[in-house]
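A.B. asks: Before I ask anything, let me first share the structure, which is written out below as structure tokens.
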Amino acid sequence: MNTTSTEAKHGLADRGYRPERADWTIDQGWAHYTPQDHAVWKALFERQTGLLPGRACEAFVQGMRALPMRHDQIPRFDELSEALMKRTGWQVVAVPGLVPDEVFFDHLAHRRFPSGRFIRRPDELDYLEEPDVFHDVFGHVPMLMNPVMAEFIQAYGQGGLRAQKLGVLEQLARVYWYTVEFGLVREGDAVRIYGAGIASSSAESVFAVESDSPNRIGFDLERVMRTRYRIDDFQESYFVLDNLDQLLALAQIDFDPYYQRLQTGPTHQPGDVLASDPVITRGSGRYHADKRAQAAP
Ligand code: HBI
Ligand code: FE
């Protein structure tokens, strides 16, 4: 088997971790969290719940409200699963961190959301490469209470297994990235967060909706499938849905004609703006330009 891009990037294959179960799940082991672990959750939870009113979309806020999540302790996955199961048939299962793509897809295809069980250290509050329990539970689980998102992520799991066989996973992964992880959606005249990568990051939840630096562009499937993304910093462009029901349509689309078309034609860089883009806000690009200037000798 080839080493997947995820493994190469995160060194999973090198770390020598061998799962005890074929599906890579582990017990949450809730009793083993330390007071420091719960304190990290509390700090992150309080910071984000302060930032998200007026920034997160209605579905996120509603989902959060209906879940057994407390400010002062890491949630129990069995309690989250019970609430999810009733609403959308999803469950949360614990995994050690990033799992191989096909394992990830198989869980999603069966409405099981793999969540990191570890929590970041107090000195890592702002940035972390591997998904921990705060990103996965606070960021993703509220949207899994939404029937449309529930459907879409399951379809992504099914599509992922197929895309992997066809060798087009990179293109499909961009759809997940620019929706489930970094998606914005219009609500009235405003643009709101539904992506978990944004909703679980204090700095990016402000940047994504308020900064004049990034581009905000109306979502188009082929455009997104042609666009590279940044994993190491804020996004240079966000793609904005008119409403969450667009995800339902996406879940039903036959991707094969897209994969065909994508074999030729351009690939776009993260910050590109095209003449054909339905631009909502054209970014100044200042944030990333400053960073590049600092990095240059
Ligand atoms: N594993 N636990 C976990 N969480 C992810 O978000 C994840 C993963 N493995 C692979 C993966 N994401 C992505 O690279 C795929 O969506 C392509
Ligand atoms: Fe995520």
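The values are calculated or read from the model by the stated rules, or taken from the named source; none is laboratory data. Note that the structure is a prediction, hence the values are computed from the model and not measured. Positions of Cβ are backbone-derived with ideal geometry, glycine not excepted, and every protein chain shown enters the neighbour counts. Areas reflect the complete protein model, heavy atoms only, side chains present, ligands, DNA and RNA absent. Shrake-Rupley method; radii C 1.70, N 1.55, O 1.52, S 1.80 Å.
A.B. asks: Ranked from highest to lowest mean number of other Cβ atoms within 10 Å per residue, what is the order of the peptides 247-257, 205-215?
C.D. replies: Averaged packing, sorted descending, gives the order 205-215, 247-257.
A.B. asks: In whole Hz and in residue order, list the ³J(HN,Hα) couplings for region 153-170 that follow from phi through the Karplus curve 6.51 cos²θ - 1.76 cosθ + 1.60, θ = phi - 60°; x for Gly and Pro.
C.D. replies: 5, 4, 4, 5, x, 5, x, x, 4, 6, 4, 4, 4, 7, x, 10, 4, 4
A.B. asks: So who's got an amide H within less than 5 Å of the one on residue 56, skipping anything under 5 residues away but keeping other chains? H placed 1.01 Å off N, in plane.
C.D. replies: For residue 56, whose amide H was placed from the backbone, the distant partners under 5 Å are 193.
A.B. asks: Counting only heavy atoms of protein chains, what accessible area per residue, in Å², does the chain have with a probe of 1.4 Å?
C.D. replies: 47 Å²
A.B. asks: Let me check I've understood the local charge: for residue 85, count other residues with C-beta under 13 angstrom from its C-beta, Lys and Arg +1, Asp and Glu -1. What total comes out?
C.D. replies: My count for the surroundings of residue 85 gives +1.
A.B. asks: Can you compute 3J(HN,Hα) from phi for each residue in region 70-80, using the Karplus curve 6.51 cos²θ - 1.76 cosθ + 1.60 with θ = phi - 60°, rounded to whole Hz and x for Gly and Pro?
C.D. replies: Computed from phi, the couplings for region 70-80 are 10, 6, 9, 8, 4, x, 8, 4, 5, 6, 4 Hz.
A.B. asks: Alpha carbon centre of region 251-287 versus region 88-155: separation in Å?
C.D. replies: Cα centres, region 251-287 to region 88-155: 26 Å.
A.B. asks: Can you list the residues, at least 5 places off or on another chain, whose amide H is less than 5 Å from the amide H of residue 113, using H built in the peptide plane?
C.D. replies: 91, 92, 93
A.B. asks: So what are the chain's ellipsoid semi-axes, whole angstrom, largest first, if each one is the square root of 5 times an eigenvalue of the alpha-carbon gyration tensor?
C.D. replies: 28, 23, 20
A.B. asks: With r defined as the distance between the Cβ atoms of residue 22 and residue 269 and R0 fixed at 51 Å, what FRET efficiency is calculated, to the nearest 0.05?
C.D. replies: Efficiency, rounded to the nearest 0.05: 0.85.
A.B. asks: Run the 1.4 Å probe and let me know the accessible area of residue 46, rounded to the nearest 10 Å².
C.D. replies: Near enough 80 Å² of accessible area.
A.B. asks: Rounded to the nearest 20 Debye, what is the dipole magnitude of the chain about its Cα centre when Lys and Arg each give +1 and Asp and Glu each give -1 at the C-beta?
C.D. replies: The dipole of the chain has a size of about 100 debye.
A.B. asks: When a/c is below 1.5 the answer is rounded, else prolate if a/b is larger than b/c, else oblate, so apply that to region 79-202 with a ≥ b ≥ c taken from the square roots of the Cα gyration tensor eigenvalues.
C.D. replies: Note, shape of region 79-202 comes out rounded.
A.B. asks: For the peptides 60-70, 110-120, 286-296, what is the packing order when you average, over each peptide's residues, the other Cβ atoms within 10 Å and list the highest mean first? Can you show the working numbers first?
C.D. replies: Values: 60-70: 17.2, 110-120: 21.0, 286-296: 11.1.
For the peptides 60-70, 110-120, 286-296, the packing ranking is 110-120, 60-70, 286-296.
A.B. asks: Follow-up question, since we're still on this one. Pull up all non-local amide H partners of residue 237: gap of 5 or more, or a different chain, and H-to-H distance under 5 Å with H placed in the peptide plane.
C.D. replies: Amide H neighbours of residue 237: 215.
A.B. asks: So, with a 1.4 angstrom probe, what is the percent of accessible area on region 94-136 that is carbon and sulfur? Let's see the in-between values first.
C.D. replies: Numbers: 830 of 1630 Å².
Looking at region 94-136 in its full context, I get 51 percent from C and S.
A.B. asks: I've got another one for you. Fully extended, how many nm does the chain gain between residue 30 and residue 110 (0.36 nm per residue separation, minus their Cα-Cα distance)?
C.D. replies: Full extension of this stretch gives 26.4 nm more.
A.B. asks: Now for a separate question. Taking θ = phi - 60°, what integer Hz values does the Karplus form 6.51 cos²θ - 1.76 cosθ + 1.60 yield along region 265-276, in sequence order, with x for Gly and Pro?
C.D. replies: x, x, 10, 9, 7, x, x, 5, 10, 9, 4, 7
A.B. asks: Do the sum for the chain: with -39,500 (n - 2.57) for every DSSP H run of n ≥ 4, divided by all residues, what is the mean residue ellipticity at 222 nm, to the nearest 500 deg cm²/dmol?
C.D. replies: Values: 14 runs with 127 residues, N = 297.
Only helices count here, giving -12000 deg cm²/dmol.
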